[in-house]
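Peer 1: Before anything else, here's the structure in question.
The values are calculated or read from the model by the stated rules, or taken from the named source; none is laboratory data. Since we're looking at a predicted model, the values are computed, not measured. Ideal geometry is used to build each Cβ from the backbone, glycine not excepted, and the neighbour counts take in all protein chains shown. Heads up: the accessible areas ignore ligands, DNA and RNA and are worked out on the full protein's heavy atoms, side chains in. Shrake-Rupley method; radii C 1.70, N 1.55, O 1.52, S 1.80 Å.
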Amino acid sequence: MTNKQVVEKFYEAFSRRDFETMNSCYADDIVFSDPVFGFLRADEVRAMWEMLCTNARDFGLTFDEITEIDHEYITCKWVASYTFTATGRKVVNRAKAFMKIDNGQIIEHSDGFKMSTWLEQAFGLTGKLFGWTNFMKRKVHKRARKNLEAFMNNKQAAPQIEG
């Protein structure tokens with residue numbers, strides 16, 4: 001599978017909210033970063049996608065401009081639209097992904113987007129007035145990490161049913 005095909009598989013799965021296929025594109029020791037969650041490793045990354053995909057409401061995703069920088073690095077632009085469940089507000093997040101791929105698996109993934117724009121959409125007037133401040137950015141980051149931690153703890157506590 002080419003690097004471009006790996007990225008296409010990842011974002012096609014993302015558009016279907018298929019976190020299992022998304023996570024299968026990652027190496028075991030994947031590292032990830034974005035403005036909301038910050039730096040995540042391995043199981044945190046996989047749990048983040050599971051949490052986001054299973055909780056997404058009114059979700060749509062498009063992607064394009066997959067660009068191979070060299071034999072390892074690739075970029076992709078993507079746009080996700082969804083209802084931010086904490087406020088019920090519609091968000092259209094325009095992002096650019098940067099990925100490093102080795103042996104057909106993503107080993108590094110970072111998403112870049114303008115946090116202040118996201119905060120304005122997600123939180124309305126509060127986000128517009130305070131979204132540029134480090135205080136609000138840190139508050140959202142801490143909340144996202146706390147939600148991820150709770151999601152991971154709840155998954156571990158859930159009884160496993162084998163069939």
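Peer 1: If I take every Cα pair under 8 Å that is 6 or more residues apart in segment 67-124, average their sequence separation and divide by the length, what percent do I get for the relative contact order? Write out the running numbers ahead of the final one.
Peer 2: Working: 94 pairs, mean separation 17.5, N = 58.
Contact order relative to length: 30 percent.
Peer 1: Would you mind classifying segment 31-95 by shape? Square roots of the alpha carbon gyration tensor eigenvalues, ordered a ≥ b ≥ c; an a/c under 1.5 is rounded, otherwise it is prolate if a/b is larger than b/c and oblate if not.
Peer 2: Values: a/c = 2.42, a/b = 1.35, b/c = 1.79.
Note, shape of segment 31-95 comes out oblate.
Peer 1: At q = 0.26, 0.31 Å⁻¹, what is the log10 ratio I(q)/I(0) for segment 1-51, with the Debye formula run over Cα points and no solvent?
Peer 2: Cα-only, vacuum Debye calculation for segment 1-51: -1.06, -1.21.
Peer 1: Helix-derived [θ] at 222 nm for the chain: sum -39500 (n - 2.57) over DSSP H runs of at least 4, divide by residue count, nearest 500? Present the calculation step by step, with values, prior to reporting the outcome.
Peer 2: Values: 6 runs with 72 residues, N = 163.
Computed ellipticity for the chain at 222 nm equals -13500 deg cm²/dmol.
Peer 1: Right, another one. Could you do me a favour and compute the accessible area per residue for the chain, 1.4 Å probe, result in Å²?
Peer 2: 58
Peer 1: Determine the distance separating the Cα centre of segment 15-52 from the Cα centre of segment 78-128; give it in Å without decimals.
Peer 2: That distance is 13 Å.
Peer 1: Among LYS90, LYS137, LYS114, which one shows the highest mean-square fluctuation when the chain is modelled as a Gaussian network with alpha-carbon springs under 10 Å?
Peer 2: LYS114
Peer 1: Something else now. Taking the Cα centre of segment 1-108 as origin and charging only Cβ (+1 Lys, Arg; -1 Asp, Glu), how large is the dipole, in debye to the nearest 20? The partial results should precede the final answer.
Peer 2: Details: 13 positive and 18 negative charges, 129 e Å.
I would put it at about 620 debye.
Peer 1: Let me ask something else about it. How large is the Rg to Rh ratio of segment 27-159 when both quantities use alpha carbon positions and Rh follows Kirkwood?
Peer 2: Values: Rg = 15.5 Å, Rh = 15.9 Å.
A ratio of 0.98.
Peer 1: Which percent of the accessible area of segment 1-86 is formed by carbon and sulfur heavy atoms (probe 1.4 angstrom)?
Peer 2: Values: 2010 of 4280 Å².
Carbon and sulfur: 47 percent of the exposed surface of segment 1-86.
Peer 1: Can you tell which of ASP34, ASP70, ASP18 shows the greatest fluctuation in a Gaussian network model of the chain with Cα springs below 10 Å?
Peer 2: Largest GNM mean-square fluctuation: ASP70.
Peer 1: Among ASN134, PHE151, ILE69, pick out the residue whose Cα is farthest towards the positive end of the charge dipole of the chain, where Lys and Arg carry +1 and Asp and Glu carry -1 on C-beta, about the Cα centre.
Peer 2: My answer, from the dipole projection, is ASN134.
Peer 1: If I ignore ligands, DNA and RNA and count only protein heavy atoms, how much of THR62 is accessible to a 1.4 Å probe, in Å² to the nearest 10?
Peer 2: Its heavy atoms expose roughly 90 Å² to the probe.
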